[in-house]
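Chemist: Dropping the structure in here first, questions after.
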Amino acid sequence: MTRRPKKKAASEPGPGSGVPTSYCLHSDHWFLETSINSVKAYGPVVCFVSESAWNGDRGSCERILEVCDRAAVEVVRGDWPDESLHRRAALAEMKRR
């Protein structure tokens with residue numbers, strides 16, 4: 001008889017466990033911390049922060065970075081000029097992991 005090890009629940013921390021969450025961001029910080037805190041228990045959180053907004057504006061992303069720092073999540077910085085490129089880059093990176 002072969003026994004299979006018990007699977008970890010999604011909420012149990014550990015390498016390779018859980019469901020990863022990614023955010024594509026520039027300046028929308030108002031509800032980010034609450035959102036991150038609602039999913040952190042279920043797996044790793046990665047925030048893809050663009051230097052440019054999807055409309056091309058180069059406004060500040062400093063508040064987003066402050067929220068990510070307080071929430072202790074991973075940040076990947078880049079400059080994606082539109083939504084499609086931003087989301088594709090995030091998806092490719094999350095698949096790579």
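A short reminder: the numbers here are calculations on the coordinates, not readings from a lab. In this text the structure is predicted, and so the values were computed from the model without any measurement. Here the Cβ is made from the backbone with ideal geometry for all residues, glycine too, and neighbour counts use every protein chain on show.
Chemist: Could you work out how far the C-alpha centroid of the stretch 29-43 sits from that of the stretch 55-92, in angstrom?
Modeler: Cα centres, the stretch 29-43 to the stretch 55-92: 15 Å.
Chemist: List every residue whose amide H lies under 5 Å from the amide H of E51, counting only residues 5 or more places away in sequence or on a different chain, with H placed 1.01 Å from N in the peptide plane.
Modeler: Correct list: G78, D79, W80.
Chemist: Given +1 on the Cβ of Lys and Arg, -1 on the Cβ of Asp and Glu, and no further charges, what dipole in debye does the stretch 21-96 carry about its Cα centre, rounded to the nearest 20? If you can, show how the numbers build up before the last one.
Modeler: Working: 9 positive and 12 negative charges, 66 e Å.
Computed charge dipole of the stretch 21-96: roughly 320 debye.
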